[in-house]
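Accompanying notes for the structure given below.
The values are calculated or read from the model by the stated rules, or taken from the named source; none is laboratory data. Quick caveat: nothing in here was measured; it's all calculated off a predicted structure. Cβ sites come from the backbone with ideal geometry, for glycine too, and all protein chains shown count toward neighbours. Side chains included, ligands, DNA and RNA excluded: accessible areas come from the protein's heavy atoms. Shrake-Rupley method; radii C 1.70, N 1.55, O 1.52, S 1.80 Å.
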Amino acid sequence: MTVGNRRKRQPSLAQLRAFSAVAEHLHFRDAAAAIGMSQPALSGAVSALEETLGVTLLERTTRKVLLSPAGERLSVRAKAVLEDVGALIEEAEALRAPFTGVFRLGVIPTVAPYLLPTVLRQVRARYPHLDLQVHEEQTASLLEGLAGGRLDLLLLAVSPPAAKASPAAGGSGRGPSPGVPGVTEMPLFDEDFVLVTPPDHPLGDRTGLPRAVLRELNLLLLDEGHCLRDQALDICREAGRDGVAATTTAAGLSTLVQLVAGGLGVTLLPRTAVDVETSRAGRLRTACFTDPAPSRRIALAMRTGAARAAEYEELAEVLREAMADLPVRIVPDDA
């Protein structure tokens, strides 16, 4: 192929999508599965892209796939092009009609079982033409999906205000961002943590607990990767505890509560999870901390400048109204 002919040809979106998937996974089978393409078709698309661009993008061996120096540089460009095309399609959908088309919502596991019934009920009632698709993943995966355009909106726990004011002091302000550039938060509510204990524990059913009690308790945690684990550790550090010996952990709150019921220790649960989880485990007891109790903030998060930002903000207000009956403190949209 001559240079002149090559310049006349342009890569297709399918070629860019195939190359971007391989650049991310460094594995043809995994990349093909990720974008719903057969492995031969994906390999052919990448080869066609290399021919069109006139550069070698991948170094293929019998054992692994590596990006060439050109592949390293051009993978960034390819990802940016695909994100721009996704934004164009998203904006066109929003212009056709609000709250229609596909709506991809990511939710963290420590929120999904307790808030999704309210979210789904409101979406079905108010936006019957919206195709809501829910993805339950840990925070890091959700933020990556949001940044890459795989997800549209997230429902997750974010950093609470640095110093939560008591009700008498006028409530609490907006918390800081999750530390990811290009993400805008829409706070929904704050909720306290409660201590969950076995039925025979001396702290069971108590109120006004000082945080200092956490220094000596055998506290059970979720596995690494859950933001609730990090929040629990932060609460312990604020109480003056250096760390927690994680000899026993759980993949989800249901298992965590069963471990408490079995007498292996105590744990911290957000208020929205208490009724559901303690009812499953039988005779568990809860204890409340003195004000200001340790808490977490739940928010919707979107890409800054998203084409459907007005719709997301409207949904946030709808959810604030719907969640007012939960054991939480609603955060106004102007807070």
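See the values below:
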read-out	value
Qualifying residue in the range 57-64 (condition: at positive phi and out of contact with any Phe, Trp or Tyr (no Cβ under 8 Å at 6 or more places or on another chain))	no
Subset tally (residues that are in contact (Cβ under 8 Å) with a residue 24 or more places away in the chain and closer than 25 Å to GLU137 by Cα) for the range 225-265	20
Of all residues making up the range 215-238, the number that are buried (at least 16 other Cβ atoms within 10 Å of the Cβ) and out of contact with any strand residue (DSSP E or B) (no Cβ under 8 Å at 6 or more places or on another chain)	1
Filter pass, ALA273 being small (Gly, Ala, Ser), in a helix (DSSP H, G or I) and under 16 Å from TYR114 (Cβ atoms)	yes
Top-ranked residue in the range 285-298 [being assigned to a loop (DSSP other than H, G, I, E, B) and open to solvent by 30 Å² or more (accessible area, probe 1.4 Å); ranked as nearest to THR255 (Cα to Cα)]	CYS288
Of all residues in the range 51-94 being of a type in the set (Lys, Arg) and in a helix (DSSP H, G or I), the one that is most open to solvent (accessible area, probe 1.4 Å)	ARG73
Total residues in the range 95-114, condition over 14 Å from the mean Cα position of the chain (by Cα) and open to solvent by less than 20 Å² (accessible area, probe 1.4 Å)	2
Single match in ASP234, ASP242, ASP230 (criterion: in a loop (DSSP other than H, G, I, E, B) and either out of contact with any Asp or Glu (no Cβ under 7 Å at 6 or more places or on another chain) or of a type in the set (Gly, Ala, Ser) (or both))	ASP242
Scan of the range 182-216 for residues that are closer than 18 Å to PRO270 by Cα, over 18 Å from the mean Cα position of the chain (by Cα) and hydrophobic (A, V, I, L, M, F, W, C), ordered by number	PHE193, VAL194, LEU195, VAL196, LEU203, LEU209, VAL213, LEU214
Test for VAL102: is it at pLDDT below 90, assigned to a strand (DSSP E or B) and not basic (Lys, Arg)	yes
Criterion (open to solvent by 40 Å² or more (accessible area, probe 1.4 Å), modelled with pLDDT of 90 or more and among the β-branched types (Val, Ile, Thr)) met by exactly one of THR248, THR255, THR272, THR267	THR255
Pairs with Cβ under 7 Å, 6+ apart, first in the range 117-130 and farther than 15 Å from ALA316 by Cα and open to solvent by less than 60 Å² (accessible area, probe 1.4 Å), second of a type outside the set (D, E, K, R) and in a helix (DSSP H, G or I)	LEU130/VAL123
Residue within the range 191-209 that is surrounded by 22 or more Cβ atoms within 10 Å (Cβ to Cβ) and over 19 Å from LEU284 (Cα atoms) present	yes
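A quick yes/no check of all residues on (1) aromatic (Phe, Trp, Tyr); (2) out of contact with any helix residue (DSSP H, G or I) (no Cβ under 7 Å at 6 or more places or on another chain); (3) under 22 Å from GLN10 (Cβ atoms); (4) modelled with pLDDT of 95 or more:
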| residue | (1), (2), (3), (4) |
| --- | --- |
| ILE35 | no, no, yes, no |
| PRO40 | no, yes, no, no |
| SER43 | no, no, yes, no |
| GLY54 | no, no, yes, no |
| ARG63 | no, yes, no, no |
| SER68 | no, yes, yes, no |
